[in-house]
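Taking it in order: structure first as structure tokens, then the write-up.
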Amino acid sequence: MGHASGRAPDGRTGVAGIPGGRAEPLHPVRTPGRRRAVSIYGTIVTAAILSTAGDRLSVLDLVIAIVVTLFVYWVAEEYSEIVGELAEGQLPTWSYVREALAATWPMVSASFAPLVFLVAAWLLGAAPPAAANAGLVAAILELVLYGWLAGRAGQLRGRQQFTVAAATAFLGLLMITLKDIVLIHLH
């Protein structure tokens, strides 16, 4: 690439061993839209676990289940993306791998606010199922916020921006409900 960091002059990282401008993968490491997308995904996974296991696990077990699940999804997502982008006979640079992992870390960190609500409610005396519901409410509010921010980033205003935020919350609730149906009622 000509740069020790594995970074091209335009700031994108590339594939090890390919000289010059041809060292680029098909796209930059990640875009702000991708970061929002993985945040939404992480929040939906968090909410799904809270809704399906919140009445059966202790708060500590629930926190561990959420963090470990999201960590596994995060690593699997990035592994599949990186392997899917392999150039013929070339491996991605370590710089690219680090940047790709950092760019999608919001998949895991999106769980932090719902987990704070979960633990705070429990520390304030709520039973584990009620604490899980507090975390679930936080996750749904987080989905609305992500939808609102996505609409704003897309320069939507008024009704369009509200529609995106509402659709994000609806989709999250629908996915949680479907997971609940599959895991609880069909098993």
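The values are calculated or read from the model by the stated rules, or taken from the named source; none is laboratory data. Just so it is clear, the structure is predicted and the values come from calculations on it, not from any experiment. Here the Cβ is made from the backbone with ideal geometry for all residues, glycine too, and neighbour counts use every protein chain on show. We work out accessible area using only protein heavy atoms, side chains counted, and drop any ligands, DNA or RNA first. Shrake-Rupley method; radii C 1.70, N 1.55, O 1.52, S 1.80 Å.
Summary table below
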read-out	value
Matching residues, the range 49-67, being open to solvent by 20 Å² or more (accessible area, probe 1.4 Å), in contact (Cβ under 8 Å) with a residue 60 or more places away in the chain and either of a type in the set (D, E) or part of a helix (DSSP H, G or I) (or both)	S51, D55
Filter result (in contact (Cβ under 8 Å) with a residue 60 or more places away in the chain, assigned to a helix (DSSP H, G or I) and in contact with an Asp or Glu (Cβ under 8 Å, 6 or more places away or on another chain)) within the range 68-108	A100, T104, M107
Positions within the range 68-110 being loosely packed, with under 13 Cβ neighbours inside 10 Å and closer than 30 Å to P129 by Cα, in sequence order	V68, V72, A76
Count - residues of the range 111-129 that are open to solvent by 60 Å² or more (accessible area, probe 1.4 Å) and assigned to a helix (DSSP H, G or I)	5
Conditions (1) of a type in the set (D, E); (2) in contact with a helix residue (DSSP H, G or I) (Cβ under 8 Å, 6 or more places away or on another chain); (3) not in a helix (DSSP H, G or I); number of the one not met by E142	(3)
Per-region count, the range 136-187, residues aromatic (F, W, Y) and in contact (Cβ under 8 Å) with a residue 60 or more places away in the chain	1
